[in-house]
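One structure is given below, encoded as structure tokens.
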Amino acid sequence: MSISRQPLVHFALLGAAIFGVAAARDRIRAHHAARGVDPHVIVVRPELARALRTEAARRNGSAATPEIERAAVRAFVDEEILYREAIALGLDRGDPIVRRRLVQEMETILRGLDARSGPDDRELAAWVSAHRERYVQPARVAFRHVFVSRERSGRDGLARATALFAALDGSEIARGAGLGDPFVVSADVPMESEREIAAAFGPAVAAAAMRAASGRWLAPVESPSGWHVVFVRDRMESRVPAVAEVRSRAAEDFRVDRGDQAFAASLARLRARYRVQ
């Protein structure tokens with residue numbers, strides 16, 4: 001009589017799995033024993049029971065009855081049992097999502113509670129002074145532009161823009177109203193930085209506007225869409241704001257930086273406890 005190999009393979013795999021589970025449980029029991037903790041004892045302290053009762057009441061929208069509280073505690077205990085069994089089986093090591101989550105939790109711990117506390121006024125002022133480049137407000141200009149479309153004018157675009165400039169040169173800003181072709185951005189541009197202007201008009205127009213003196217029309221400047229005759233009406237020079245103006249942003253930067261430093265120092269101490277082969 002022949003015997004199928006499939007059941008034998010199945011039982012062999014099952015035996016190996018059972019052996020692996022037993023070995024994993026032995027390891028975690030030894031770990032808890034070394035710490036003087038029984039892995040099969042689950043402690044539900046009064047404060048935890050109160051928190052479970054409060055959460056159950058919130059979910060039910062009414063005061064938690066004794067039956068609801070007992071059910072909440074049972075659910076917590078079942079969850080804790082399944083969690084401990086999963087750790088015993090090493091499931092936390094085999095799942096990349098769980099692994100990443102645990103790593104993130106450790107990073108949060110290593111960054112420390114102090115990293116989330118705000119700096120006092122003296123620390124904040126010193127921080128802003130030492131990191132001026134982060135908070136400096138760039139120069140800005142406000143201007144009007146008359147646009148000549150490349151699509152509408154073709155080869156005559158530059159000549160048309162030059163003629164407009166000749167007609168406007170020496171005149172007031174109001175003379176440019178209603179002239180030229182429609183553009184995606186308003187003809188009157190409020191105070192904006194060079195980077196903001198470049199995003200809408202291209203780097204050449206932005207650079208020309210930032211260099212220009214106020215109160216005069218500039219010769220046509222080419223952009224990806226055509227040509228622009230620009231009148232700079234006002235400007236604001238670059239400056240470092242007062243601490244009060246950037247308090248919220250600077251305080252958050254301070255906390256993040258301190259957290260980064262705490263994490264780097266803690267990780268360095270942990271690395272010293274490991275050997276890589």
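Suppose we keep only residues that are in a loop (DSSP other than H, G, I, E, B) and of a type in the set (Ser, Thr, Tyr) within the stretch 27-75. Which one would you say is modelled with the highest pLDDT?
If we take residues in the stretch 27-75 being in a loop (DSSP other than H, G, I, E, B) and of a type in the set (Ser, Thr, Tyr), then 65 is modelled with the highest pLDDT.
Determine which member of the set 199, 206, 242, 212 is of a type outside the set (S, T, N, Q) and touching a helix residue (DSSP H, G or I) at 6+ places or on another chain (Cβ under 6 Å).
Only one candidate qualifies: 206.
Identify, please: which residue in the stretch 170-184 is under 25 Å from residue 236 (Cβ atoms) and surrounded by 13 or more Cβ atoms within 10 Å (Cβ to Cβ) and is, among those, nearest to the chain's Cα centre (by Cα)?
Of everything passing the filter in the stretch 170-184, 183 is nearest to the chain's Cα centre (by Cα).
Yes/no per residue for (1) under 30 Å from residue 178 (Cα atoms); (2) over 26 Å from the mean Cα position of the chain (by Cα); (3) not aliphatic (A, V, I, L, M):
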position	(1), (2), (3)
83	no, yes, yes
94	no, yes, yes
104	no, no, yes
107	no, no, yes
112	no, no, yes
128	no, no, no
139	yes, yes, no
152	yes, yes, yes
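Testing residue 134 on (1) more than 30 Å from residue 120 (Cα to Cα); (2) charged (D, E, K, R); (3) in a helix (DSSP H, G or I), one condition comes back false. Which one is that?
Unmet for residue 134, out of (1) more than 30 Å from residue 120 (Cα to Cα); (2) charged (D, E, K, R); (3) in a helix (DSSP H, G or I): (1).
Hey, does the stretch 149-164 have a residue that's within 19 Å of residue 211 (Cα to Cα) and in contact (Cβ under 8 Å) with a residue 60 or more places away in the chain?
no
This table checks each residue for (1) loosely packed, with under 11 Cβ neighbours inside 10 Å; (2) among the charged types (D, E, K, R); (3) farther than 26 Å from residue 44 by Cβ; (4) in contact with a Cys (Cβ under 8 Å, 6 or more places away or on another chain).
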| site | (1), (2), (3), (4) |
| --- | --- |
| 61 | yes, no, no, no |
| 64 | no, no, no, no |
| 67 | yes, yes, no, no |
| 81 | no, no, no, no |
| 84 | no, yes, no, no |
| 89 | no, no, no, no |
| 94 | yes, no, yes, no |
| 98 | no, no, no, no |
| 103 | yes, no, yes, no |
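Output the qualifying pairs, or none if there are none: Cβ atoms under 8 angstrom, residues six or more apart or on different chains, first residue in the stretch 69-97 and within 11 Å of residue 52 (Cβ to Cβ), second residue outside any helix (DSSP H, G or I).
Partner pairs satisfying both residue conditions: 72/64; 73/44; 76/44; 77/42; 77/44.
I'd like the residue in the stretch 105-115 that is modelled with pLDDT under 80 and surrounded by 13 or more Cβ atoms within 10 Å (Cβ to Cβ) and, out of all such residues, is farthest from residue 250 (Cα to Cα).
Ranking the qualifying residues of the stretch 105-115, first place goes to 112.
What pairs come up if the first residue lies in the stretch 117-128 and is in a loop (DSSP other than H, G, I, E, B), the second is surrounded by 12 or more Cβ atoms within 10 Å (Cβ to Cβ) and of a type in the set (Phe, Trp, Tyr), and their beta carbons are under 7 Å apart, counting only those six or more places apart or on different chains?
Listed by first residue and then by second, the contacts come to 119/127; 119/254.
The values are calculated or read from the model by the stated rules, or taken from the named source; none is laboratory data. Computed from a predicted structure; not experimentally measured. Neighbour counts are summed over all protein chains in view; Cβ atoms, including those assigned to glycine, are modelled from backbone coordinates with ideal geometry.
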